[in-house]
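Here is the structure we will look at.
A short reminder: the numbers here are calculations on the coordinates, not readings from a lab. On a predicted model such as this, the values are computed, not experimentally measured, just so you know. All Cβ positions, even for glycine, are placed from backbone atoms using ideal geometry, and neighbour counts span all protein chains on display.
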Amino acid sequence: MAKVVLKGVEKVYPNGFKAVHGIDLEVHDGEFMVLVGPSGCAKSTTLRMVAGLEEITSGTISIGDKVVNDVPPKDRGIAMVFQNYALYPHMTVYDNMAFSLKIKKTAKEIIKQKVIEAAKILDIENLLDRKPKELSGGQRQRVAVGRAIVRDPEVFLFDEPLSNLDAKLRVHMRVQLSQLHNKLKATMIYVTHDQVEAMTMGDRICVLNSGRIMQVDTPLNLYNYPANKFVAGFIGSPAMNLIEGELLKENNNIYVKIGGGKLKLSAGKAEKVQKHVGNKIWFGIRPEYISTRNWESKEEGIKGKIEVLEHMGNETFVYFKAGGQQFISRIDSVDSRVLESGNEHIFIFDMENCHIFDYDSEENISL
Ligand SMILES: Nc1ncnc2c1ncn2[C@@H]1O[C@H](COP(=O)(O)OP(=O)(O)OP(=O)(O)O)[C@@H](O)[C@H]1O
Ligand SMILES: [Mg+2]
């Protein structure tokens, strides 16, 4: 197994477009690293550079202790699984999985042993004689993964491998791939634009935007301590409320002034942001920290008008407007019974769990 290290990696495509702006990233040996970000942020470009399918313009990539900038893909010790599986339609599942080993002139007995072992791990032993067109989407996906496993790669690279599957199957395969990682303990780099996949599968997540790394951390750290407004808005569903506001000081307290009123910061947060008093800021608060129930203490509230209630069963998303600004709150369904759209209500903000972002740099100034 091997770690993967990117240092100052840049990519300028032949048409002059700079897709990657100096990425530094270390994927630990045996780690499941997820690259996540919106469409066009250079997830695939980055992964393809690690695979050697795309040249890098500057910087270095190493796998294990070896710089691989000039090493061809087949000698990098990697195996890549694509979104569209790319199975050979005329070959059986067995032959699809055996193909790369046959090319390497591996002995027949060893090929057989490896294919069967991989098929067992993926629970597709009974499908080995079928052709790809006789398989479901999830089964094809498992064959594609099997083809990677038989090569015993040091590093697995996945580019949105589940995005062609329906929602239920995606959840199932997500769990299977996590189990596979636990079993093989291989280094895996997994690209997705789906933040739920990122949160549930990654040991760590690298959030990309426009060819730059926004933050690398564990899923929970990204969720609880987003370094900037982009990460705050990207990780979490429904997304964090991000509201334009201003910091005010009154009677030695610091307040966030937003359209609907002002909300007092906790002493800890106030201390962190004090040199920004008077400035415009972005006020961030996750939907679960706005409620319609009073907390015992510290409660800070504003009046809002309920626009839409989305009943999810166990919880309710409450869309409301206050001072011309749009908010979403996520509350227990029991508490939502008394709410009606069109009504006004006091919404309580748990200010201990809010975030303040500098208006211009968008950095989190409240951590
Ligand atoms: N061959 C190319 N020539 C020029 N620009 C390219 C080329 N391939 C990709 N790009 C551009 O580079 C940027 C990154 O593309 P990339 O495919 O890496 O994005 P991505 O994050 O994988 O997006 P998606 O989620 O849509 O798959 C995009 O703006 C894209 O238009
Ligand atoms: Mg892509």
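Taking the chain as the reference, fit the longest principal axis to its C-alpha atoms, fit the long axis of helix 167-184 to the helix C-alpha atoms, and give the angle between the two in degrees, 0 to 90, nearest 10.
Taking Cα atoms only, the helix is inclined about 60 degrees.
Please build a GNM for the chain, connecting alpha carbons under 10 Å apart, and tell me which residue among N314, N164, N279 fluctuates the most.
Of the options given, N314 has the highest mean-square fluctuation.
Quick one: if you stick a label point 7 Å off each Cα along the C-beta vector at A167 and Y88, how many nm between them?
Going by the 7 Å Cα→Cβ label model, 3.8 nm.
Nothing charged except the Cβ atoms of Lys and Arg (+1) and of Asp and Glu (-1): what's the magnitude of the dipole of the chain about its Cα centre? Round to the nearest 20 debye.
Computed about the Cα centre, the dipole is about 1020 debye.
Net charge near L122, counting Lys/Arg +1 and Asp/Glu -1 over other residues with Cβ under 12 Å of its Cβ? Show your work: numbers first, answer last.
Numbers: positive: K120, R140, R142, R147, K183; negative: E117, D123, E125.
Once all neighbours under 12 Å are counted, the net charge is +2.
What whole-number distance in Å separates the alpha-carbon centres of segment 169-209 and segment 32-63?
Computed from Cα coordinates, the inter-centre distance equals 16 Å.
Return the Cα extents of segment 241-358 along principal axes one, two and three, sorted largest first, each rounded to a whole Å.
Result, largest extent first: 43, 28, 21 Å.
Per Stokes-Einstein, at 4 °C and 1.567 mPa s, what whole-number D in µm² s⁻¹ belongs to segment 4-234, with the Kirkwood radius over Cα pairs as the hydrodynamic radius? It would help to have the intermediate numbers written out before the result.
Working: Rh = 18.2 Å.
This corresponds to a translational diffusion coefficient of 71 µm²/s.
Over the chain, with a Gaussian network built from C-alpha contacts below 10 Å, which listed residue (M97, M312, M188) shows the highest mean-square fluctuation?
Among M97, M312, M188, the largest mean-square fluctuation in the Gaussian network model of the chain belongs to M312.
Please give the helix 108-122 orientation as an angle from the longest Cα principal axis of the chain, in degrees from 0 to 90, rounded to the nearest 10.
Here the helix axis deviates by roughly 20 degrees.
Rounded, prolate or oblate: which one fits segment 174-293, using the alpha carbon gyration tensor with axes a ≥ b ≥ c (rounded when a/c is under 1.5, else prolate when a/b beats b/c, else oblate)?
Here segment 174-293 falls in the prolate category.
For segment 24-142, with only Lys/Arg (+1) and Asp/Glu (-1) charged at the beta-carbon, what is the dipole magnitude about the Cα centre, in debye rounded to 20?
660 debye
Can you show me the helix-derived [θ] at 222 nm for the chain, built from DSSP H runs with n ≥ 4 at -39,500 (n - 2.57) apiece and divided by the number of residues, rounded to the nearest 500.
-7500 deg cm²/dmol
Which of C206, C41 comes first, and how do the rest follow, when ranked by fewest Cβ neighbours within 10 Å? Walk me through the numbers before you get to the answer.
On the way: C206 25, C41 22.
The fewest-first ordering by Cβ neighbours comes to C41, C206.
Test of understanding: what is the full-extension gain from N343 to F317, defined as 0.36 nm times their sequence separation minus their Cα-Cα distance?
Details: separation 26, 0.36 × 26 = 9.36 nm, distance 1.51 nm.
Additional length available on full extension: 7.8 nm.
Filter the trypsin sites (Lys or Arg not before Pro) in segment 293-367 to those in DSSP coil with at most 15 other Cβ atoms within 10 Å of their Cβ, and list the result. Can you show the working numbers first?
Details: sites: R293, K298, K303, K305, K321, R330, R337; in loops: R293, K298, R337.
The qualifying sites are R293, K298, R337.
When the chain is fully extended, how far beyond the present Cα-Cα distance does K275 get from S210, taking 0.36 nm per residue of separation?
20.4 nm
If we sort 17-26, 49-58 on the protection proxy, mean other Cβ atoms within 10 Å, highest first, what's the order?
In descending order of packing, they fall as 49-58, 17-26.
Would you mind putting 134-141, 33-40 in packing order, based on average other-beta-carbon counts within 10 Å, highest first?
Values: 134-141: 17.5, 33-40: 20.2.
Ranking, from highest mean packing down: 33-40, 134-141.
Specify the residue with the greatest mean-square fluctuation among P14, P219, P161, computed from a Gaussian network of the chain linking alpha-carbon atoms under 10 Å apart.
Looking only at P14, P219, P161, the biggest GNM fluctuation is shown by P14.
Express in whole angstrom the spacing between the alpha-carbon centres of segment 66-101 and segment 299-338.
So the two Cα centres are separated by 49 Å.
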